[in-house]
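Asker: The structure under discussion is supplied below as structure tokens; questions concerning it will follow.
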Amino acid sequence: MKCVVLLSGGVDSTTCLAMALTKYKKDDVLALTAYYGQKHAKELEAARKVVAHYGVQQQEVNLSQAFSLSDCSLLQGSHKPIAHESYADQLAEKGGEGTVDTYVPFRNGLMLSTAASLAASLFEEDEVDIYIGAHADDAAGDAYADCSEPFLKAMGDAVSIGTYGKVHLVFPFAEMNKAGVVATGLALHTPYELTWSCYEGGEKPCGTCGTCIDRAAAFAANGVKDPALARYEK
């Protein structure tokens, strides 16, 4: 049995990798990291550091062409600024439900399809689990539709059918909020100090974009300081 983990270099995906390594030997785990034209390409550096920490294999793929026609604010080619407010505030402005400005159209669908193809190609003789760190907070209010449990279940069915039942989708955090993800990761001694979340991708986290706010709240809910912040307070 093999395992492919979608690894962005952020909190959720790194926790997923830590979880996968409690079940699989590190030689059976492959981290898949995607560049898709994101402004915060710095997260790719974080993913490499996480991979080095755990000693697992990694593949990097370039999916930027697929999103070249999108004007999502998260992408380098967009003229739109990234919103500096919480996801909750963004949704409140839309009546409590709707797409947040950093939703990249069907991004998780494309990443999962890529992971399924890669898994079926590299591990022809094995069954493979694909781990994705999507969680309930991202799906709340339909902010990121491709993080929702119905979407993940449907993609899981499609992946299984398209790979003759050999590749399976695992989404352990679909019913968990981000604070729960962090609690899980802390118990697993996940190296959060190596991770990157900020959408701006500057020298240090901006602290005010949606993902920075979400991240800070998750660590605060667990009563601990974000380990990554120590690097920027020296």
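The values are calculated or read from the model by the stated rules, or taken from the named source; none is laboratory data. This is a predicted model, so every value here is computed, not measured. Using ideal geometry, Cβ is built from the backbone for each residue, glycine included, and neighbour counts are taken over all protein chains shown. The area values use the complete protein model at the heavy-atom level, side chains included, leaving out ligands, DNA and RNA. Shrake-Rupley method; radii C 1.70, N 1.55, O 1.52, S 1.80 Å.
Asker: Hey, among Pro227, Pro191, which residue is touching a residue at least 40 places away in the same chain (Cβ under 8 Å) and not small (Gly, Ala, Ser)? Before you say what the answer is, go through the steps one by one.
Answerer: On the way: Pro227 fails: touching a residue at least 40 places away in the same chain (Cβ under 8 Å).
Of the residues listed, the single one that is touching a residue at least 40 places away in the same chain (Cβ under 8 Å) and not small (Gly, Ala, Ser) is Pro191.
Asker: Under 9 Å by Cβ, and 6 or more places apart or on different chains, what pairs join a residue from region 171-185 that is open to solvent by 20 Å² or more (accessible area, probe 1.4 Å) with one that is part of a loop (DSSP other than H, G, I, E, B) and hydroxyl-bearing (Ser, Thr, Tyr)?
Answerer: Filtered contacts from region 171-185: Thr184/Thr190.
Asker: Continuing with the same structure: Test Phe106 against the criterion of being within 25 Å of Val159 (Cα to Cα), free of Cβ contacts under 8 Å to residues at least 60 places away in the same chain and open to solvent by less than 20 Å² (accessible area, probe 1.4 Å), and give yes or no. First the steps, then the outcome.
Answerer: Working: within 25 Å of Val159 (Cα to Cα): yes; free of Cβ contacts under 8 Å to residues at least 60 places away in the same chain: yes; open to solvent by less than 20 Å² (accessible area, probe 1.4 Å): no.
Considered against the rule, which asks whether it is within 25 Å of Val159 (Cα to Cα), free of Cβ contacts under 8 Å to residues at least 60 places away in the same chain and open to solvent by less than 20 Å² (accessible area, probe 1.4 Å), Phe106 comes out as no.
Asker: Given the residues Ala139, Ala134, which is the only one that is assigned to a helix (DSSP H, G or I), open to solvent by less than 30 Å² (accessible area, probe 1.4 Å) and under 16 Å from Ser13 (Cα atoms)?
Answerer: Numbers: Ala134 fails: assigned to a helix (DSSP H, G or I).
Checking each option against the conditions leaves just Ala139.
Asker: I'd like to verify a number: residues in region 25-47 that are open to solvent by less than 20 Å² (accessible area, probe 1.4 Å) and of a type in the set (Ser, Thr, Tyr), how many?
Answerer: The total comes to 2.
Asker: For region 91-98, does any single residue satisfy the condition of being of a type outside the set (S, T, N, Q) and closer than 25 Å to Val5 by Cβ? Spell out how you get there, then give the answer.
Answerer: Here is the first cut: in region 91-98, the residues of a type outside the set (S, T, N, Q) are 91-98.
Now restrict to residues that are closer than 25 Å to Val5 by Cβ: none.
Checking region 91-98: not a single residue is of a type outside the set (S, T, N, Q) and closer than 25 Å to Val5 by Cβ.
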